[in-house]
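This report concerns only the one structure given below.
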């Protein structure tokens, strides 16, 4: 008889023979994608992205995943796999790789080019240990073995991953759509996806970003056709704004420019960089002479040139904004220019984009955007595409990833609609461990790994907390009101008058009466709350000043500036 | 031979016999609608609305039109005409009526009900002199004579205006759409519009809010049908959120509730008020017993009740937010509740609404919104409706109103597409005078009346300027850093140490080194820039502190908090 063994759980705190899938980001938001796969002493990581902040995080550049869970486990990390070169999948690499021990990192050629370029801004960091993979490769990483398959997205060289684990195979789609007629790219490798699907897939982790939109996603060639039509019938200059990372769109514009005999200038640092990398690596085709430098733009008649640039979201420092505001060195708006805003508008940017449109129309130029024509296709699978992916993979479990919680839920409902068992839809959340045992039974556990919002603001990473953010919001709302009081150490009386410094509240110079009345209130508080005979609790006095002044200002103005008393005893 | 007469222009500075049309708001934005019509010594005004602020106006409640032009002309104002009871058309009434001499004000019955209700919040103001008009009325106001015609919108009792002037007739549509099957309202009075159109209309001022959307606007009965379907197949509780002012939608929900045997609770102060007013005036029909108080909601099974409430935009204090966050006194989210967000999402609110959807799905309830089904129809004419209006009115001039500049331009292009002379499309702007002479020749003049942004913030109207706003934006971005320095009046040396008070920048307690290094910088500046022998220019010292500290903090953090030196000599 075999002797009784202690269950592995007792040793490790969690089952040694369980596969643990831990999303650190991307399950409650769009962006900051990063997932840990852990089995025993082996860990692999998929993606390492950043997320742009909400409106209630003023001044924050972006957020990155919290890797506290990996502390002390650095030696177990066999590798990091990157699905494609968008910032919500690669943006945290410079901030996190050193902290997790700089493990080897695997990605396709174009992704590598873009990651390496960004790394130049972080010269003080250790060099990355990048392995370039081809889509036919198979990579062994500890107990894991990973195959890649080609998917369509708005950037070429995007892959999904088939991750073989001792508990079964997990398919991770990355960001994807099916495009049967992409521009300068192959259609998603449906044959390989189907083959993987025939091999008893344990779980499908699939992109939910567009799970609320019915139907099929638009093909890039549809957009290329619209752009071609626009080039065909436009006589003046064409200025096309889009995302710098939308390589496929840039390709569509190059093709249209060449067909209609226009030179094309590319402007915007990140777009120029991406074009250069993609061209060098053969992921973007342009004939010699098509692309001209932006400073040559005025050497051609308007009907013979086009510009493609960054700033379709109204970003304040991007090229489009500078052109429209007359601040661009070489490009001024001409009468009869046609601007094409070839992107969707990210929530929060609509008013800015409308403002740009107003300015363009005021200058007698015009705008075509996605409201008016099919000048943009998203990069994400819609409902029918998602069902097709589920049908191809036929997984035991579906784990919707990438998107707000409601998008994950809607994606789960699609799984049920094509016949999956509702109990096999695993809706996870950031930081919560999903576990599969050796029999292939999976569940979302109650275990949560430590996770907080790590904010990057200027040079600081993680040094902005909720208190600072909350203060910024309050300051934005009603400004602030600093009261400085100098107290004579002996008499405990105010020396001179209290001083008021206010910003963002009211214009002090025009509101002498209010300010003077407030100073009087402060003097009363100090007189009441201090006495020359006893030691004074200055915190108590300050709190009193804050309270009395705050109430007084609210009563007079119905505004609540942040009241900051500075009391100094000399 | 008649003797030579001095042209009236020479007397008045502008032609006495010219009709002057002066939009004070609504031509470069959505909201704040208000237009002046002036002929000689007679003035009438159409609408008096407010506008909700942009994201770059933190803390501002709303904006109202600047009526500086009317100063000294109060005695000429014959009347104010209101087209319908939405805040972008009535919201500035309490703030402006007294300032323009409280002239008579004309509106339909429902509009009056809602205006009077809001007036209760402004008890210190003079009572309004309201004249209730019927749609068959004709009102004489000085040289002007005004007829009303019924249009469809999302609120009943909306009218357009036919304004007879000595220079010709101007048609002002107000906000409108054509709805051939509205809910509990009559279709727009196309017969009357056509009759007005047969009378040689000089100019059509028409609503451009939805001029960029192709096709026809949706009928409210289409939405009613969708809502009916939702009631039909939903077993759990139904919670429908929409705008308080969307009376037609509320009617559709009442009808569906009655048909499917559900009680309906109305919640949200403004919605309850509007329902009460509209019911009293017969603009909203509900059977006795259909509407129940919100505190009775739990006395019925989930399948037998529905709730209609405010907050579909994610407004932080509205009912929907309170229900979803578990803060509502009577309504908690139940498993299998269905929330219907029966509105579009106003630019800027998308992320908040997505957050609400996440929370609802987390509580195992679900959401239906306009992405998924036709649960919202806008209140504004689309391109085909706008063309129909132009064809019915056959005006000499088209003056697109209500909307961003590019919307006006697109509306103008529609006019040209149905055969109007491009020279007869008058694209105006806020404050710029449009003039028609006695021969009916119109133009946008170069004359601009004084116009600035009047912001309402708490009790203050117009006391927030660009400086204060700019400060709020800066404070929000990187916070602030107050340095207080006490100087000995004799020695010109610092007493004690400089004090630092910072908010929204970094967490000072965790950054002692940075703060101490900054204090040292301040001490250096003071030592360098002062001497005990000479009078000190403290502004100069302060500027130096600001500069040195600002640069130092940026170098260390790449952030730019607002640096405020307070230097006090004792």
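Only the coordinates and a few stated rules stand behind these numbers; no lab work does. What you see is a predicted model, and the numbers here were worked out from it, not measured in a lab. As a convention, Cβ positions derive from the backbone with ideal geometry for all residues, glycine included, and neighbour counts pool all protein chains shown.
What is the P(r) of segment A:262-349, as percent of Cα-Cα pairs per 5 Å bin from 0?
Percent of pairs per bin, in order: 3, 12, 22, 26, 19, 13, 5, 1.
For the protein assembly as shown, just the Cα atoms, rotate onto the principal axes and tell me the three extents in Å, largest first.
That works out to 124, 81, 77 Å along the principal axes.
Mind checking A:398-407 for the average number of partner chain beta-carbons within 10 Å of each residue's beta-carbon?
Partner-chain Cβ atoms within 10 Å, mean over residues of A:398-407: 3.
Could you tell me how many degrees, from 0 to 90 and to the nearest 10, lie between the Cα long axis of helix A:538-557 and the main elongation axis, the longest principal axis, of the Cα atoms of chain A?
Roughly 80 degrees between the two axes.
Report the calculated FRET efficiency for residue A:120 and residue A:229 (r = Cβ-Cβ distance, R0 = 35 Å), to the nearest 0.05.
E(calc), rounded to 0.05, equals 0.35.
Calculate how large, on average over all directions, the projected area of the Cα convex hull of segment B:294-413 is; give the answer in nm² to one decimal.
10.2 nm²
Kirkwood-based Rg over Rh for segment A:353-448 (C-alpha set), two decimals?
1.23
Among DSSP bridges having both ends in the protein assembly as shown, what percentage is antiparallel? Round to the nearest 5.
In the protein assembly as shown, approximately 50 percent of DSSP beta bridges are antiparallel ones.
If you average 1/r over all unlike Cα pairs in segment A:434-483 and invert the result, what Kirkwood radius do you get in angstrom?
Roughly 14.9 Å, rounded to one decimal.
Roughly what % antiparallel, to the nearest 5, for the DSSP beta bridges in chain A?
Bridges in chain A are about 50 percent antiparallel.
Grab the alpha carbons of segment B:214-313, take their convex hull, and tell me the volume per residue in Å³.
112 Å³
Could you calculate the contour length gain from residue B:218 to residue B:534, that is, 0.36 nm times the residue separation minus the distance between their Cα atoms, to one decimal place in nm?
Full extension of this stretch gives 106.0 nm more.
With just the Cα atoms defining each centre, how far is segment B:226-271 from segment A:474-496? Give it in Å.
Between the Cα centre of segment B:226-271 and that of segment A:474-496, the gap is 54 Å.
Please compute, for the alpha-carbon atoms of segment B:65-138, the extent along each of the three principal axes and give them in descending order in Å.
Cα extents, longest axis first: 33, 30, 21 Å.
What are the semi-axes of the equivalent ellipsoid of segment A:398-550, taken as the square roots of 5 times the eigenvalues of the Cα gyration tensor, listed largest first and rounded to whole Å?
Taking √(5λ) for each eigenvalue gives 59, 20, 13 Å, largest first.
For residue A:332 and residue A:491 in the same chain, what is the full-extension length gain: residue separation times 0.36 nm, less their Cα-Cα distance, in nm?
Here the segment from residue A:332 to residue A:491 would lengthen by 50.5 nm.
Rounded to the nearest Å, what's the spacing between the alpha carbon centres of segment B:516-550 and segment B:180-202? Just the number, please.
73 Å
In percent, what relative contact order does chain B have, based on Cα pairs under 8 Å that are 6 or more apart in sequence?
15 percent
I need the calculated FRET efficiency for the pair residue A:180 and residue A:132, taking r as the beta carbon distance and R₀ as 25 Å, to the nearest 0.05.
For residue A:180 and residue A:132, the calculated efficiency is 0.35.
So if I take the centroid of the Cα atoms in segment B:96-130 and the same for segment B:313-360, what is the distance between those two points in Å?
That distance is 33 Å.
If Rh is defined by the Kirkwood formula over all Cα pairs and Rg also comes from Cα, what ratio Rg/Rh do you get for segment B:101-174?
1.01
If I model segment A:53-105 as equal point scatterers sitting on the Cα atoms and use the Debye formula, what is log10 I(q)/I(0) at q = 0.30, 0.31, 0.32 Å⁻¹?
The Debye formula, applied to the Cα set alone, gives -1.26, -1.30, -1.33.
For segment A:42-156, give me the percentage of DSSP beta bridges that are antiparallel, rounded to the nearest 5 percent.
Of those bridges, close to 35 percent are antiparallel.
Return B:502, A:252 ranked ascending by Cβ neighbour count within 10 Å, so the fewest neighbours appear first.
Ascending number of Cβ neighbours within 10 Å: B:502, A:252.
Distances from residue B:421 to the same position in the other copies: list them in nm, one decimal, shortest first, using label points 7 Å from Cα along Cα→Cβ.
In nanometres, ordered from closest: 7.8.
Would you mind checking the tilt of helix A:466-478 against the longest principal axis of the Cα atoms of chain A, expressed as 0 to 90 degrees and rounded to 10?
60 degrees
If you take each beta carbon of peptide B:366-373 and count the beta carbons of other chains within 10 angstrom, what is the mean?
Neighbouring Cβ atoms belonging to other protein chains average 2 per residue here.
Taking a ≥ b ≥ c as the square roots of the eigenvalues of the Cα gyration tensor of segment B:130-282, is the shape rounded (a/c under 1.5), prolate (a/b larger than b/c) or oblate?
prolate
How far, in degrees from 0 to 90, does helix B:220-233 lean away from the longest principal axis of the Cα atoms of chain B, to the nearest 10?
80 degrees
With N set to the number of residues, divide the alpha-carbon radius of gyration of segment A:493-570 by 2.2 N^0.38 Å and report two decimals.
1.11
Please give, to one decimal in nm, the separation of the simple spin-label points placed at residue B:68 and residue B:269, each 7 Å out from Cα toward the Cβ.
Taking the two extended label points, one gets 3.4 nm.
Taking 10 °C and 1.306 mPa s as the conditions, I'd like the Stokes-Einstein D for chain A in µm²/s, using the Kirkwood hydrodynamic radius from alpha carbon pairs.
The diffusion coefficient I find is 59 µm²/s.
Once every DSSP H run of n ≥ 4 in chain B is given -39500 (n - 2.57) and the sum is divided by its residues, what mean residue ellipticity at 222 nm do you get, rounded to the nearest 500 deg cm²/dmol?
Rounded to the nearest 500, the figure is -9000 deg cm²/dmol.
What FRET efficiency do you get for residue A:524 and residue B:276 if R0 is 45 Å and r is their Cβ-Cβ distance, rounded to the nearest 0.05?
The value I calculate is 0.45.
Fewest Cβ neighbours within 10 Å first, please rank A:131, A:153 accordingly.
Ranking A:131, A:153 by Cβ neighbours within 10 Å, fewest first, gives A:131, A:153.
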